[in-house]
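All remarks here apply to the structure that follows.
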Amino acid sequence: MFSLIAGALRRFNRLAAYTSGIVIILSSMILVWQVAVRYWLKWPTDWEIELCVMLLIISTFMSAAHTQNERSHVTIEAMESLLPHGVNVLRKHLADLLSLLFCGFVAWNAWHFFHEAWVDGKTSSSMWAPKLWIPYFFVALGMSTLTLELALQNLRRKEA
Amino acid sequence: MDMLTLSLLFAAATFIALFSGMPIAFAVGGVAVVFMVAFMPLSSLALVTETIYAELDNFTLLTIPLFVLMGAAIGKSRAGEDLYASLNRWLYRIPGGLGVANTLACSVFAAMCGSSPATCSAIGSSGIPQMRARGYSEGLATGLIAAGGTLGILIPPSLTLILYGLAAEQSIGKLFMAGVGPGLLLTVLFALYVMWKYTKEKNALKAAAASGGDSAHALLQDEHYSWAERLESLPRFAPFLAVIAIVMIALYGGWATPSEVAGIGAFFSLLMVMTIYKCYRWADLKVILNGTVKESCMIMMIIGMSFLYTWVMSNLSITQSAAEWLVTLPLGKWGFFLAVCALLLVLGFFLPPVAIILMVTPIVLPALKAHGIDLIWFGVIMTILMEMGLIHPPVGLNIFVINGIAPDIPLKKIMWGVMPFIGLMTAAVLLLCLLPEIAMWLPNHYHGS
């Protein structure tokens, strides 16, 4: 059961990460479009930048769990060579547990943030005024999958 | 609790969290939340996600994932190899020509990607084996690439300068221009050192060969390229020159802002890699996408959480008290400057540039202003100090990138190999103190006109 959940989560996170990468490429294309139409066609550009910022925030949070899965969130390992093996094991266990608690809290907080924006129908203050629950939803979802990933890594470390 | 105790407690908690092995983003975020619970109204906890989101919702931060994409795309292709191989054909006549070609390749590559490890990896993966094959000592070959890679965060576009610009509220365009002169200065210093070291190693081998030693050493063998071979390499420069030209024209021609330029650079780099280097298969794209999202997410998470951290510091008045204390220190302008440089250097031994810039800049900024230190010039100095951290043990990210490229070279040799380059960077900082115009001429001249 554990490996089934872990496998499904890994696949979902990988898919979310590749999609996030494509979203970054899409943002670059939107910016090229914006510069071209503004400079050559003198068209007004009012939604492009805001959309790109939103897309890049979404890509950041949606790739957070995959980044954690590959242990690519940078850490300081200066203590590794200074401490005895047993202490290092305990330190890493504690570090994973504290990371889990922090991300769990932010995920919970993010769902509240999303719910508030959804209920109040919040929009951004720009002329384009997109619904804010959309990016907030992905922040909450991304932090939740990151929390799940950390929980699985904690369980794996405990089993090992 | 008095302010001094609170500040010390905050600093101690930060160091414990960072050295616990927690990812830096979660460590600084975690410290912020703990201090919110302990010292701020509980209602403030509801603002955690809002604060992180509000800080990331920034037009300037767009540049980061896009420049990372640019670096990942170029790094995936054999663009780095092409670049230095072409340069070598034109520079082989000067002593240490291959080393100089690698240094220049690092500079050109840095002008297309704002990342130090990406530059290091792209040029080093083919440059180090070639230099070793031609008889360069392992320390020189690895030290040169590790140090050359750091040019990636100084020569524009630079992620470090963007972050500094955000934290210090300075013009990114001006910072980019200020990075050009010092970037070229470091390139020249590195190239001159390689020429001197190469000549020294070659003379020592010649002397040994004359007294019956190994006369077949690779360093003693001459290489030659015909004009036809040299001219044949010219088209290989074309894609690089095209991308650099597009980026420079868009930025300095007033077509686009730095954030938009990041989009343009990323798009055309990806296009170049997909069309010229044929990296259009899903297997190739997967590597580019994976590399981009991992690095970009890691940096953006640190940025988001660091903003939460500095927001809590500011709400608890720690930033203001520390800044006031720094202003009243009887050190004078240069004494204060030296103290900040020492602090940045020490922090650079353990922390990545992104964390140092976002955590330290708000604290030292008022004192820098009070002492009349130019913030654009200081941004360049700070970046060079961050560069030193990238090649200095124990963390020195580039050392480990090199170790990954050439795992058979002992880490100790790589570390000794980078030491002369740390000396050269120190010399560059001194030169910039004596002649600030090296950095400031271009932004002053450009904005003046």
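Details
- Within chain A, the whole DSSP H helices whose Cα atoms reach 20 Å or more along their own axis and whose mean Kyte-Doolittle score is at least 1.0 are A:2-39, A:48-62.
- Helix-derived mean residue ellipticity, 222 nm - over the protein assembly as shown, DSSP H n ≥ 4, -39500 (n - 2.57), to 500: -26500 deg cm²/dmol
- In the elastic network of chain B, a GNM with C-alpha springs shorter than 10 Å, the most mobile of B:Ile376, B:Ile153, B:Ile52 is B:Ile52.
- Taking every full run of DSSP H in chain B, the ones that stretch at least 30 Å from end to end by Cα along their long axis and average 1.6 or higher on the Kyte-Doolittle scale are B:411-434.
- Each 10 Å bin from 0 upward holds the following percent of the Cα-Cα pairs of the protein assembly as shown: 3, 16, 26, 27, 18, 7, 2, 0, 0.
- Spin-label model distance (nm) - B:Tyr446 vs B:Leu271, 7 Å beyond Cα toward Cβ: 2.3 nm
- Sorted largest first by accessible area at a 1.4 angstrom probe radius, with every protein chain in place, the residues B:Trp377, A:Trp47 fall in the order A:Trp47, B:Trp377.
- For the peptides B:261-273, A:61-73, B:315-327, A:25-37, the ranking by packing is B:261-273, A:61-73, A:25-37, B:315-327, with the highest mean count of neighbouring Cβ atoms within 10 Å listed first.
- Computed on chain A, with alpha-carbon pairs under 8 angstrom and 6+ residues apart, the relative contact order is 29 percent.
- Ratio of the Cα radius of gyration of the range B:282-378 to 2.2 N^0.38 Å, where N counts its residues: 1.38
- Label-point separation in nm, B:Ala218 to B:Leu343, each point 7 Å along Cα→Cβ: 4.6 nm
- For A:Glu116 and A:Ile22, the FRET efficiency from 1/(1 + (r/R0)^6), where r spans their Cβ atoms and R0 equals 35 Å, is about 0.75.
- Looking at the range A:62-160, the chymotrypsin sites (Phe, Trp or Tyr not before Pro) that sit in a DSSP loop and have at most 14 other Cβ atoms within 10 Å of their own Cβ are A:Trp128.
- Using a Förster distance of 22 Å, the FRET efficiency for A:Leu155-A:Glu70 (Cβ separation, nearest 0.05): 0.80
- Neighbours of A:Trp118, meaning other residues whose beta-carbon lies under 15 angstrom from its beta-carbon, give a summed charge of -1 when Lys and Arg score +1 and Asp and Glu score -1.
- Take each residue of peptide A:13-20, count the partner chain Cβ atoms within 10 Å of its Cβ, and average: the result is 3.
- Förster-model FRET efficiency, 35 Å R0, B:Lys206 and B:Met248, C-beta, rounded to 0.05: 0.20
- Size-normalised alpha-carbon gyration radius of the range A:37-160, reference 2.2 N^0.38 Å: 1.44
- Calculated over the range B:100-150: convex hull of Cα atoms, volume per residue (Å³): 55 Å³
- With a 10 Å cut-off around each Cβ of B:26-39, the average count of Cβ atoms from other chains is 3.
- Packing here is the average count of other Cβ atoms within 10 Å per residue, and on that basis the peptides B:172-183, B:290-301, highest first, run B:290-301, B:172-183.
- With all protein chains kept in place, the per residue accessible area of chain A amounts to 51 square angstrom at a probe of 1.4 angstrom.
- Per-residue mean of C-beta atoms belonging to partner chains within 10 Å, peptide B:41-53: 4
- Against the empirical 2.2 N^0.38 Å (N residues), the range B:25-82 has a Cα radius of gyration ratio of 1.79.
- A simple spin-label model places pseudo-atoms 7 Å from Cα toward Cβ; at B:Ala54 and B:Leu331 they are separated by 3.2 nm.
The values are calculated or read from the model by the stated rules, or taken from the named source; none is laboratory data. The structure displayed is predicted, hence computed values, not measured ones. Virtual Cβ from ideal backbone geometry, glycine too; neighbours counted across all protein chains shown. Ligands, DNA and RNA are excluded from the accessible area calculation, which covers all protein heavy atoms including side chains. Shrake-Rupley method; radii C 1.70, N 1.55, O 1.52, S 1.80 Å.
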